[in-house]
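**Q** Sending over a structure as structure tokens; questions will come in a sec.
The values are calculated or read from the model by the stated rules, or taken from the named source; none is laboratory data. Source: prediction; values computed, not measured. Here the Cβ positions follow ideal geometry from the backbone for every residue, glycine too, while neighbour counts run over all protein chains shown. Accessible surface is based on the protein model in full, side chains and every heavy atom, while ligands, DNA and RNA are left aside. Shrake-Rupley method; radii C 1.70, N 1.55, O 1.52, S 1.80 Å.
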Amino acid sequence: MGGTNRAGEFIMSRRYRYLHLDVFTGEKFGGNPLAVFLDARGLPAETMQAVTREMNFSESTFILPAERPDTDIRMRIFTPGREMPMAGHPTVGSTFALAFAGVIPAGRRRWTFGLNVGPTPVDIDWDGDRPIFAWMTQQRPAFGPVVTDVEAAAHAIGVEAEAIRSTRLPVQEVSCGVPFVFIPLATRAQVDAASPNLDGFDRLCAAAGVDNHAMFVFSREPGPDDATVYSRMFAPGLGVHEDPATGAASGPLGCYLVRHHVVAPDQADAILSLQGVKMGRPSRVHIAIGLDCDGIALVQVGGEAVLVGEGELFL
């Protein structure tokens, strides 16, 4: 397969195979779509970035040979806007993709990715030779500043300030490798009604000294499901207006919920974030926070993924 250049000369193209998965769901056409390029050798970073924009998913991943002995494989993760140090739905989804492709042997319980943040282990549950669940281990949390200007936070997401104040929870930046600004709201309806004001968010973050690439809104209001929180995530700084499921934010979310006593210590390993409902792509992101006498000792984010299709790009 090939094409021609401007002089009409035939040029061979290399085929790059990818798998298309929906992640943090057990059903096709839910969750967060992902393209996994199973052998990205020979692709420069700028081409990976261009391919990710072409795929037009929240993220695409590119698999490469391991670069260090304490990892099984190297993986680079891109959003349409930039390369990421780590991310959750790409890591969980790529685990399933590599298992479906036979790269991860059936029954292998642990697989370690080499990400830009360093070695990142994933624990895999199997049903015979079929992967059924994957748990990604994330870094311990870094709790950033509390945003005290509630009026500005409300303006940044297009809600009334009382929607935030009535929760009696702080607006705060938290990171387990990627920082997010967490904004609590009283009701699920208010979460659905959120409409980000990007200029307002930029001003809020500049004034508070927090990162301005992503905001995560959530409510702990119970609903007709078993979710701990109902959530949405907006990432204008990453080239993603709204994300159906955000694993990189879900680890910090769990840490936030534990730290601010929304979730009791004996429930910290069974947190569920229901995200993407407003987008028509419901996603179930499982979170397990391990505690010891010093506080948060382990952060894991997990879920399912389903194979939707496969294809090739000629590059």
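**Q** Consider a paramagnetic label point 7 Å from the Cα of Ser166 along Cα→Cβ; state which residues of the range 214-254 have an amide N under 14 Å from it.
**A** 219-222
**Q** What angle do you read, to the nearest 10 degrees and between 0 and 90, between the alpha-carbon axis of helix 45-55 and the longest principal axis of the chain?
**A** For 45-55 against the chain, the angle is about 70 degrees.
**Q** Could you tally the net charge around Thr25, taking each other residue with its Cβ under 14 Å from the Cβ of Thr25, Lys/Arg +1 and Asp/Glu -1?
**A** Local net charge: -2.
**Q** Further question on the same structure: Among [x] 20.2; [y] 17.6; [z] 14.9, which one is mean projected area of the Cα convex hull in nm² computed from these coordinates?
**A** Matching entry in [x] 20.2; [y] 17.6; [z] 14.9: [y].
**Q** Spelling out what I want: for every residue of the range 62-70, take phi, set θ = phi - 60°, compute 6.51 cos²θ - 1.76 cosθ + 1.60 (Karplus), and round to whole Hz; glycine and proline get x.
**A** 10, 8, 9, x, 4, 9, 8, x, 8
**Q** Evaluate the charge dipole of the range 26-114 about its Cα centre and quote only its size in Debye, nearest 20, assuming +1 on the Cβ of each Lys and Arg and -1 on the Cβ of each Asp and Glu.
**A** My answer is approximately 200 debye.
**Q** Related question: Rounded, prolate or oblate: which fits the range 73-166, taking a ≥ b ≥ c as square roots of the Cα gyration tensor eigenvalues, rounded meaning a/c under 1.5, else prolate when a/b beats b/c?
**A** prolate
**Q** Please say if the range 184-315 is rounded, prolate or oblate, where rounded means a/c under 1.5 for a ≥ b ≥ c the square roots of the C-alpha gyration tensor eigenvalues, and otherwise the choice is prolate for a/b larger than b/c and oblate otherwise?
**A** rounded
**Q** Now, a different point. Roughly what angle does helix 247-259 make with the longest principal axis of the chain, taking Cα atoms, 0 to 90 degrees, to the nearest 10?
**A** 20 degrees
**Q** Which value, in Å², gives the accessible area per residue of the chain when a 1.4 Å probe is used on the protein heavy atoms? Before the final figure, lay out the partial values.
**A** On the way: 13300 Å² over 315 residues.
Value returned for the chain: 42 Å² of accessible area per residue.
**Q** Give me the dipole magnitude in Debye, nearest 20, for the chain about the Cα centre, with unit charges on the beta carbon: positive for Lys and Arg, negative for Asp and Glu.
**A** Values: 26 positive and 36 negative charges, 110 e Å.
Taking the Cα centre of the chain as origin, the dipole is about 540 debye.
**Q** Another question, then. Would you mind counting up the charge near Arg140? Only other residues with Cβ under 13 Å from its Cβ, with Lys and Arg at +1 and Asp and Glu at -1.
**A** Once all neighbours under 13 Å are counted, the net charge is -1.
**Q** Heavy atoms only, probe 1.4 Å: what % of the accessible area of the chain goes to carbon and sulfur, would you let me know?
**A** 49 percent
**Q** Compute the relative contact order of the chain as a whole-number percentage, counting only Cα pairs closer than 8 Å that sit 6 or more residues apart in sequence.
**A** Averaging sequence separation for qualifying contacts and normalising by length gives 21 percent for the chain.
**Q** Moving on. Going through the range 136-245, which GluC sites (Glu not before Pro) have at most 16 other Cβ atoms within 10 Å and a DSSP loop state?
**A** Those satisfying the criteria are Glu160.
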